[in-house]
Amino acid sequence: MMDKMKTVLKELEIFLSESDCPLLTHFQGGISASEVADTFSNLKFPIRDDIKQLYEWKNGVSDLFKKKTGEIELFSSGIMMPLELATSMYVLEVKVQKSFKKEFFPLFTSGGGDYILIHLDESKKTYGQLFLYSPAILLSSKPMTIYDSLTTLFQTILNIYQRGGYFFSKSDKSLEIDYDIEKEISIKLNSKSDFWREN
């Protein structure tokens, strides 16, 4: 299963570079699996291979708060945070603001206070699933399931790019979204997640 993650990340990167996608230039290179493992063990979280593989691939977008949101979004509300930023956001949102429960870890941000979180409580059936935290969209501060797994998220993103549902505008280099294609593919690939069926 986990090699699937590596494969889909590689396919996505090839697709983006062949489409001359400006987004890739904003990403930082990957970091070592041991660095990722150390970070998660310090946070008392289980060490998941898919998270290690994600950060081995890229360590998020550099200087993301200095850039225009649309230029650095990989998918809807999805800007990948470097691990050190994700960790400090986790501490801020969970320990200080108490925005969401401590078993959720933010991997992606909208840049405006929304997050895509991974659920890291091994005792729950949603362990490893991704949740959207967005009081504005959901009209609730309770996160909602949005992608079935990290691997499924990237398969979903890749399929949407391949179908032309995500593309970067030539004029302002921002992510453009065909919401019908996004929804159709997201529902099909994420049968365990509520967000696409309910919104």
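Which residues, taken from region 60-84, are under 14 Å from Leu107 (Cβ atoms) and among the aromatic types (Phe, Trp, Tyr)?
Phe75
For (1) farther than 28 Å from Pro22 by Cα; (2) of a type in the set (A, V, I, L, M); (3) over 11 Å from the mean Cα position of the chain (by Cα), each residue gets a yes or a no:
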| residue | (1), (2), (3) |
| --- | --- |
| Ser99 | yes, no, yes |
| Leu120 | yes, yes, yes |
| Ala136 | yes, yes, yes |
| Ser141 | yes, no, yes |
| Ser149 | no, no, no |
| Gln162 | no, no, yes |
| Leu189 | no, yes, yes |
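Looking only at region 75-89, filter to residues that are open to solvent by 10 Å² or more (accessible area, probe 1.4 Å), part of a helix (DSSP H, G or I) and in contact with a strand residue (DSSP E or B) (Cβ under 9 Å, 6 or more places away or on another chain); which one of those is farthest from Lys173 (Cα to Cα)?
Top of the filtered list is Thr87.
Which residues, counting only those in region 90-135, are farther than 20 Å from Phe65 by Cα and part of a helix (DSSP H, G or I)?
Of everything in region 90-135, those that are farther than 20 Å from Phe65 by Cα and part of a helix (DSSP H, G or I) turn out to be Val94, Lys95, Val96, Pro135.
Restricting the first residue to region 13-39 and requiring it to be farther than 18 Å from Gln53 by Cα, which pairs with a second residue that is open to solvent by 50 Å² or more (accessible area, probe 1.4 Å) and of a type outside the set (Gly, Ala, Ser) meet a Cβ separation below 6 Å and a spacing of at least six or different chains?
Pro22/Lys173
Would you confirm whether any residue within region 75-93 is farther than 20 Å from Phe154 by Cβ, touching a Ser or Thr at 6+ places or on another chain (Cβ under 9 Å), among the acidic types (Asp, Glu) and modelled with pLDDT under 95?
yes
Select, from Phe40, Phe65, Phe27, Phe108, the only residue that is farther than 22 Å from Glu176 by Cβ, surrounded by 14 or more Cβ atoms within 10 Å (Cβ to Cβ) and either modelled with pLDDT of 95 or more or of a type outside the set (A, V, I, L, M) (or both). Step through it out loud before you land on a result.
Details: Phe65 fails: surrounded by 14 or more Cβ atoms within 10 Å (Cβ to Cβ); Phe27 fails: farther than 22 Å from Glu176 by Cβ; Phe108 fails: farther than 22 Å from Glu176 by Cβ.
Exactly one residue qualifies, and that residue is Phe40.
What are the residues in region 176-187 that are within 18 Å of the chain's Cα centre (by Cα) and in a helix (DSSP H, G or I), if any?
Matches in region 176-187: Tyr179, Glu182, Lys183, Ile185, Ser186, Ile187.
From the list Ile51, Ile31, Ile47, which one is closer than 21 Å to Ile118 by Cβ and in contact with a strand residue (DSSP E or B) (Cβ under 6 Å, 6 or more places away or on another chain)? Explain how you work it out, then say what you get.
On the way: Ile51 fails: in contact with a strand residue (DSSP E or B) (Cβ under 6 Å, 6 or more places away or on another chain); Ile47 fails: in contact with a strand residue (DSSP E or B) (Cβ under 6 Å, 6 or more places away or on another chain).
Going through Ile51, Ile31, Ile47 in turn, just one is closer than 21 Å to Ile118 by Cβ and in contact with a strand residue (DSSP E or B) (Cβ under 6 Å, 6 or more places away or on another chain): Ile31.
The values are calculated or read from the model by the stated rules, or taken from the named source; none is laboratory data. Nothing here was measured: the structure is a model prediction, and the numbers come from that model. For neighbour counting, all protein chains shown are included, and Cβ atoms are generated from backbone atoms with ideal geometry for every residue, glycine included. Ligands, DNA and RNA are stripped out before the accessible areas are found, and what is left, the full protein with its side chains, is counted by its heavy atoms. Shrake-Rupley method; radii C 1.70, N 1.55, O 1.52, S 1.80 Å.
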